[in-house]
Amino acid sequence: MSKTHFNPSWKNWLRTNLAAGHNKDGLFKILIDEGFDYQAVKGEMGYEPSIPLVLIANPLHARQQAGKARAQSKPVQDKIFLPNANNLCSDLVEMYAVEDFLNEEECCRLVELIKGKLQPSRLSSEESDRSFRTSSTCYLGNMDDPLVARIDQQICAYLGIDAAYGEVIQGQHYQVGQEFKPHTDYFEAHELPVHGAQRGQRSYTFMIYLNDVQDGGETVFPRLGERFSPRRGKAVIWNSLKKDGSGNYHTLHHAKPVLSGEKVIITKWFRVKATEKPTPEMFCKDANQLIPNYTRTGFARLLLPRDLFEELRAFYQANLDNLQEEHVPGNFIVNQGPVTRSSSLVSLTDALRTKVHDKLKPLLEQWCGKPLAPTYVYGIRVYHHGAMLKLHRDRLDTHIISAIINVDQQVNEDWPLEIEDNYCRLHQLVLKPGEILCYEGARLRHGRPQPLNGTRYANIFCHFQPEG
């Protein structure tokens, strides 16, 4: 039987989407597909499509199909997008450098692991010059260490290449006088039958310096005129292949002798063939991850102006007895506890919505460095005991720069937001009432995957998009 009654959640959903100027035919079709009676929808909207319903596409289904098509189609990119990277690409090479990819604590721990499992470095082919490569190597990826596993995942996610194409991470240690003479990372034709029969040629190299070197130890690309001095946490990334898949001799590089101190690095290579069946696509970033980043980290904590916080809190407390059931498409909010209710909504007045946008706009513009156009301010979402918010990315058309305002919380323990930064590092952030979290919501995966241990947790979500 068709539904004839619109509960407050559906009324709020319809009002919000109509106010945003979304296509009325599409909204009408969504409601019909959700099981509402035709005449009930017509009466609630005060509108009737001028064409038969069978000719109207459900926008939600269209997005899902488009997403499936993107997932199934082969990416056409021939270069990658790396937030915060210094793009050194040219007609000769694809190359990037990234400062502070790893932090000091991570680097020190990796150095400790590497030094505990060193063995003489080997070459992929016979070399009569015993001084050609004099460093020591540690096969970090073969260790069962959670930090190594996390950094491996971070490298793959940042580069946007499926882990099935990667080799295990190696660590290299250079003492005074040790070096790796000019060489390339791809396999020569005579080496491929041995080293590339199963997985093919090496493509990308992802190298990270783990310490500052007192003197020497630079990585020099003589044919490109590039020279990198070891600096803790810095990553250098390059593609060893040309667009036609052949080796790029311009990537010839020399790990210069260490003159004072020591040099420790990690290296992860990627191949052109995967280890898994069925074979995943090599490049795995979706459209959201290709949005340009507007800040270095991707999020920041601010304080809401006191007068606005007091006004919002007073409105919230006055309307707490009038909670509306919230309907969130996509099943992003779940509750696996005995109480099935995950979230409710306190609807804001239009005047309050406008005030929130007006107050936050200059704060977020200063943070991201771009003029912003307001898109949405939702009501006050109240999460209930046991609620979880799945990790997700926001809408890429309207939710580029966003803010979470914590209005109230009655919790037995902190309920952190988990969010990846622009380097694909995962953080847990705890907000207090009156605090704002600014974040690049469409780019960065975020959520609250742990159940809420408490009575309620109330947030307002405010969204903008860059102008122009």
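The values are calculated or read from the model by the stated rules, or taken from the named source; none is laboratory data. Values in this document were obtained by computation on a predicted structure and should not be read as measured data. Counting neighbours? That spans all protein chains shown, and the Cβs are built from the backbone with ideal geometry, glycine included.
Observations
- When region 248-271 is filtered for residues that are closer than 18 Å to G166 by Cα and of a type outside the set (A, V, I, L, M, F, W, C), the ones remaining, listed by number, are T267, K268, R271.
- Filter result for M1 (over 27 Å from R443 (Cα atoms), at pLDDT below 80 and either surrounded by 17 or more Cβ atoms within 10 Å (Cβ to Cβ) or not assigned by TED's automatic domain parsing to the domain that holds R353 (or both)): yes
- Members of region 380-393 that are under 21 Å from L60 (Cβ atoms) and crowded, with 20+ Cβ neighbours inside 10 Å: R381, L389, R393
- Qualifying residue in region 237-253 (condition: crowded, with 19+ Cβ neighbours inside 10 Å, closer than 30 Å to S402 by Cβ and not charged (D, E, K, R)): yes
The rows are residues; the columns are (1) among the charged types (D, E, K, R); (2) surrounded by 20 or more Cβ atoms within 10 Å (Cβ to Cβ); (3) outside the structural domain of E262 (by TED's automatic domain parsing).
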{"position": "D185", "(1), (2), (3)": "yes, yes, no"}
{"position": "E191", "(1), (2), (3)": "yes, no, no"}
{"position": "V194", "(1), (2), (3)": "no, no, no"}
{"position": "R202", "(1), (2), (3)": "yes, yes, no"}
{"position": "I208", "(1), (2), (3)": "no, yes, no"}
{"position": "G217", "(1), (2), (3)": "no, yes, no"}
{"position": "R227", "(1), (2), (3)": "yes, no, no"}
{"position": "P230", "(1), (2), (3)": "no, yes, no"}
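- Test: residue in region 105-122 that is touching a Phe, Trp or Tyr at 6+ places or on another chain (Cβ under 6 Å) and either modelled with pLDDT under 95 or surrounded by fewer than 20 Cβ atoms within 10 Å (Cβ to Cβ) (or both): no
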